[in-house]
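The values are calculated or read from the model by the stated rules, or taken from the named source; none is laboratory data. None of these values were measured; they are calculated from a predicted model. Virtual Cβ from ideal backbone geometry, glycine too; neighbours counted across all protein chains shown.
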Amino acid sequence: MDLSIAGILLLDGTTSGAVYALLALALVLVFAVTRVIFIPQGEFVAYGALTLAMLQMGKLPGTVWLLALMALAAAALDAVHALREGHRPARLLRNLAATLAWPAAVTLLACWAAPRQLPLPLQSLLTLAIVTPLGPLVYRLAYQPLADASVLVLLIVSVGVHFALTGLGLLFFGAEGFRNPSFWDERFSLGPLVLSGQTLIIFMVSAALIVGLWLFFGRTLRGKALRATAVNRLGARLMGISTDGAGRWSMGLAAFIGALSGLLIGPTTTMFYDTGFLIGLKGFVAAIFGGLASYPGAAAGALFVGWLESFGSFWASAYKEVIVFTMILPVLLWRSFLHGESDDE
Amino acid sequence: MANPMTSELKRRAPLTLLAGLLALLPVLPVPEFWITQLNYIGLYALVVIGLVLLTGVAGLTSFGQAAFVGLGAYGSAWLTLNWGVSPWLTVFAALAITALAALLLGWITLRMSGHYLPLATIAWCLGLYYLFGNLEMLGKYDGLLGIPPIVFFGLPLNTGRSFFYLLWALVLLAALAAVRLLDSRSGRALRALRGGSTMPEAMGIDTFRAKVTAFVLAALLAGLSGWLFAHFQRSVNPSPFGLKMGIEYLFMAVIGGVGHVWGALAGAAVVKLMEDQLQVLLPRLLGGSGSYEVIVFGILLVLVLQHARDGLWAAIEARLPRRVRRRDWADAPPLDEAPRPPHGEVVLDVQAVRKAFGGLVAVNDVSFQVRAGEIVGLIGPNGAGKSTTFNLVSGVLPLTRGEVRLRGERIDGLPSRGIARRGVSRTFQHVKMIPGMTVLENVALGAHRRGRRGVLAAMLRLERGEERRLLREAERQLQRVGLAAQQDELAGNLALGPQRLMEIARALCADPSLLLLDEPAAGLRHQEKRALAGVLRQLRAEGLSILLVEHDMDLVMDISDRIVVMEFGTQLMQGTPAEVQASEAVRAAYLGTEH
């Protein structure tokens, strides 16, 4: 290996590392706020990339129907709950409107926009508008009824959600893979390195998102409420913060980050309905570097995973997944020596 | 009350019936299709029994059991194909490989919080899947073909029907072994893991080791299933060992009832049959092809966890007569008792212990002694640091500085398990018990370190002699605290007062030389308190040393020989009950000073 190959591999790894970093941040966030180990994170990546692919072909993506169905199911649950509790009809209607308005609007918009083959940036925005609300709905339907269950039960729920969403992905998008067009086709030469416009976009969007999240958590009331919930759920509730609201927000953010990651890497890899899962898991390996608790730790882990993967595929391409996933073992060993025994209760 | 013999028979009837039915099936004109189905159900059930031990009993979980099945299958397949070894020998190799892998994985992850193990098993399952699929020697994604069948006394088990017997004999044996294990000393230790490690460690149980044991057992059952699978299918390839299958095993366990061994069979059967129906139905319904059944499985898994977390078997169990333990230990020889220290010897010597949580000093240079045959009361207003002092002495918290000696030997720095083994036994301010076990079993947990027999002996029922001695001791201590009438009740059904008494019986079961009681009288009625005082006096007369944290002043003043008073983490004074009652400083600490 000479220096130029090393440079290319390093750049490659950094590019995928940037995406893993985004996912890892979302995973740490969701775990901190809800204690949910959010295995289905990766499905949102696939949904993002493939929803855009469908729109590119002028088809209405199945995720739109999923959004409508899940919103109806959530509305039905809310209605049952309201009737049991004897809420006033006005309050019930307001809640139903809040649950249904956005999904209804997005569904109609998607039905109108899909056959028209709008420009790529508009289609990307539409994709985000379709996939992001799936996050809060997943929280409402799967996790909220179990919000006080143990981490273990929530983890098993996550696996159930992952199963359902993967199967639905197969139903919506078929078994075929898709590669999206690049957002920016420009290429820049940097000595021996060739930097594509898409790579630059990935770096810039990742950086912008990390700064955005930092501002969100540091400066806004909603962000501080999420942080408060992460530190102490009961205390947050006593301060008037809705933990269910915090759960929905965190999963909404996770879905948004997932879909955005899907858009970012859609042009660089062929996406299948189940590719997202592996990408999401690499985010997990990264998050575990930071003990599922530290944001900078997760970001550093993500870069490491990215490099490991790119160098791994150069040296032993058949084994690159083996290398990345078994890497979790030495990392866990290192963490267990670092922190010693920890009790869970 | 039902006759234990008939109820035992009634309980055994379903199992005997099941075994009989299974034995008959292959000779009846049952279509080959159903024999094959039942064979797959049996292969899955073996794995799921392991998951029940791991998830339902020990409170850990794994999504990677499929990887262990794969290790067993590939291990045996490779050895029989390349070295021509008989499957009867490779079974040991297959099990050894799975056990080693599980040991390594468990050793790395089980020291940490519970969610790292499942995450590691996901990664491990994926990694191993790609490894199987890429290794030249394992035939890459095509796998290994032409694996010989198992030969049973000259008879090759190469048909579904002949294989059926071996498989189901092993499944029933495994289930029986698991049931027996759960009803034993080692089983109680495994069952204690779910509620966190503080209580079992204080009972002298090595929780890390117990967790690794559960994980290795589950892996071994998966490896056994893999061995059978390889020689039943006669070929192996990576696809049945992927993460999808790993998750489906857990799904079977949850559907069947993750806390019930027999639920494993029910879960495996229901999921396998449902999967077949769905694989035909869904593609017809939805168009296209693919494994759409995962959509239904996923949604069903979430719904079961939301609405029926105990699974199918809980519903069946509720209809079976409740098992009443046969009282067969009346003539068991009593357990050996450690020699008691001579009256008046210093048993516990606490020298200037300090505990700081960051900047907050919760316990500030507290010193006191407890002598053999003495009850020392530790009192003080709320937040004075009494329970923290307790946790320092019993090793639940590490101390910042100072010394704790037990009969001259330094015990500070030892884990609470080690301190328990040296004869310190305790109760908890907030009762820590296993609600799903009977009172007797909960109390027997206290005698854990007085027994030695392990998992294998329990599965083979070779430890019944020791078990009888342990249960006799548990019953004796229950009689002592006046709870013998409730010994077959589930601990979770007791009121708070009796639960505290149960904890005292459990602590006494450990044959301690020093007993630490954290608010034993809280929640007791007047009569119960008097009875408790009587028990404590009797224990003192037997030469036991007791350190008592208690808010009931009448009780403390009544039974304590000496009293240590704490306030804001520091030691205010110590002396006889009369001296303490006369002290202005103590009165000021409790009631404030007059100005």
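Select, from A:203, A:163, A:216, the only residue that is of a type outside the set (Gly, Ala, Ser) and within 14 Å of chain B (Cβ to nearest Cβ). Just one listed residue meets the conditions, A:163.
Do we have any residue at all in segment A:228-236 that's of a type outside the set (Lys, Arg), within 14 Å of another protein chain (Cβ to nearest Cβ), closer than 26 Å to residue A:131 by Cβ and in contact with a helix residue (DSSP H, G or I) (Cβ under 9 Å, 6 or more places away or on another chain)?
First, pick out the residues of segment A:228-236 that are of a type outside the set (Lys, Arg): A:228-232, A:234-236.
Applying the additional criterion that residues be within 14 Å of another protein chain (Cβ to nearest Cβ) yields none.
No - not one qualifying residue is present in segment A:228-236.
Out of B:242, B:263, B:246, B:223, one residue alone is surrounded by fewer than 24 Cβ atoms within 10 Å (Cβ to Cβ) and either at negative phi or within 14 Å of chain A (Cβ to nearest Cβ) (or both). It is B:242. Screening residue A:105 against (1) within 23 Å of residue A:132 (Cα to Cα); (2) buried (at least 21 other Cβ atoms within 10 Å of the Cβ) leaves a single unmet condition, (2). In the set B:325, B:354, B:284, B:340, only one residue is under 27 Å from the mean Cα position of the chain (by Cα) and of a type in the set (Lys, Arg); that residue is B:325.
Is it the case, given these coordinates, that residue B:312 is surrounded by 14 or more Cβ atoms within 10 Å (Cβ to Cβ), within 33 Å of the chain's Cα centre (by Cα), away from chain A (no Cβ under 14 Å) and assigned to a helix (DSSP H, G or I)? When the stated conditions are applied, residue B:312 passes them. Has segment B:133-142 got at least one residue that is over 20 Å from residue A:321 (Cα atoms) and either of a type outside the set (S, T, N, Q) or within 14 Å of another protein chain (Cβ to nearest Cβ) (or both)? Scanning segment B:133-142, I find no residue that is over 20 Å from residue A:321 (Cα atoms) and either of a type outside the set (S, T, N, Q) or within 14 Å of another protein chain (Cβ to nearest Cβ) (or both), so the answer is no. For segment B:544-556, the tally of residues that are surrounded by fewer than 17 Cβ atoms within 10 Å (Cβ to Cβ) and touching a residue at least 40 places away in the same chain (Cβ under 8 Å) stands at 2. If the condition is being within 9 Å of chain B (Cβ to nearest Cβ) and within 23 Å of residue A:207 (Cα to Cα), then segment A:292-329 contributes only A:292.
Take the conditions more than 10 Å from chain B (Cβ to nearest Cβ), at pLDDT below 95, crowded, with 18+ Cβ neighbours inside 10 Å and touching a Phe, Trp or Tyr at 6+ places or on another chain (Cβ under 8 Å) and apply them to residue A:183. Does it pass? No; evaluated as a whole, the condition is false for this residue.
You will find that of A:262, A:245, the residue that is surrounded by fewer than 17 Cβ atoms within 10 Å (Cβ to Cβ), part of a helix (DSSP H, G or I) and not polar (S, T, N, Q) is A:245 and no other. The residues of segment B:49-70 that are assigned to a helix (DSSP H, G or I), over 15 Å from the mean Cα position of the chain (by Cα) and within 14 Å of chain A (Cβ to nearest Cβ), listed by number, are B:65, B:66, B:67, B:70. For segment B:557-564, indicate whether the set of residues that are more than 27 Å from residue B:186 (Cα to Cα), crowded, with 23+ Cβ neighbours inside 10 Å, of a type in the set (A, V, I, L, M) and at pLDDT 90 or above is non-empty. Checked segment B:557-564: at least one residue is more than 27 Å from residue B:186 (Cα to Cα), crowded, with 23+ Cβ neighbours inside 10 Å, of a type in the set (A, V, I, L, M) and at pLDDT 90 or above.
Okay, residues lined up against (1) outside any helix (DSSP H, G or I); (2) within 25 Å of residue A:54 (Cβ to Cβ); (3) of a type in the set (Lys, Arg):
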{"residue": "A:75", "(1), (2), (3)": "no, no, no"}
{"residue": "A:87", "(1), (2), (3)": "yes, no, no"}
{"residue": "A:90", "(1), (2), (3)": "no, no, no"}
{"residue": "A:100", "(1), (2), (3)": "no, yes, no"}
{"residue": "A:107", "(1), (2), (3)": "no, yes, no"}
{"residue": "A:112", "(1), (2), (3)": "no, yes, no"}
{"residue": "A:135", "(1), (2), (3)": "no, yes, no"}
{"residue": "A:144", "(1), (2), (3)": "no, no, no"}
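On the stretch given as segment B:270-308, residues that are assigned to a loop (DSSP other than H, G, I, E, B) and surrounded by 16 or more Cβ atoms within 10 Å (Cβ to Cβ) total 3. Restricting attention to segment A:142-160, the residues that are more than 7 Å from chain B (Cβ to nearest Cβ), surrounded by fewer than 21 Cβ atoms within 10 Å (Cβ to Cβ) and not small (Gly, Ala, Ser) add up to 2.
Hey, among A:115, A:89, A:119, which residue is touching a residue at least 24 places away in the same chain (Cβ under 8 Å) and surrounded by fewer than 16 Cβ atoms within 10 Å (Cβ to Cβ)?
Answer to the selection: A:115.
Would it be correct to say that residue B:101 is within 14 Å of another protein chain (Cβ to nearest Cβ) and either without any contact (Cβ under 8 Å) to a residue 24 or more places away in the chain or in a helix (DSSP H, G or I) (or both)? In short, yes.
The set of residues in segment B:563-580 being outside any strand (DSSP E or B) and of a type outside the set (A, V, I, L, M) consists of B:568, B:569, B:576, B:577, B:579. Restricted to strands (runs of 3 or more DSSP E) entirely inside segment B:339-450, those with at least 1 residues that are polar (S, T, N, Q) and surrounded by fewer than 18 Cβ atoms within 10 Å (Cβ to Cβ) are B:346-357, B:360-371. The set of residues from segment B:184-206 being touching a residue at least 40 places away in the same chain (Cβ under 8 Å), among the polar types (S, T, N, Q) and within 14 Å of chain A (Cβ to nearest Cβ) comprises just one member, B:198. Test residue A:275 against the stated conditions and say whether it is more than 14 Å from every other protein chain (Cβ to nearest Cβ), over 11 Å from the mean Cα position of the chain (by Cα) and of a type in the set (Val, Ile, Thr). So residue A:275 fails the test.
Say whether the condition of being more than 25 Å from residue A:174 (Cα to Cα), part of a helix (DSSP H, G or I) and free of Cβ contacts under 8 Å to residues at least 60 places away in the same chain is met by at least one residue in segment A:16-30. No, because not a single residue in segment A:16-30 is more than 25 Å from residue A:174 (Cα to Cα), part of a helix (DSSP H, G or I) and free of Cβ contacts under 8 Å to residues at least 60 places away in the same chain.
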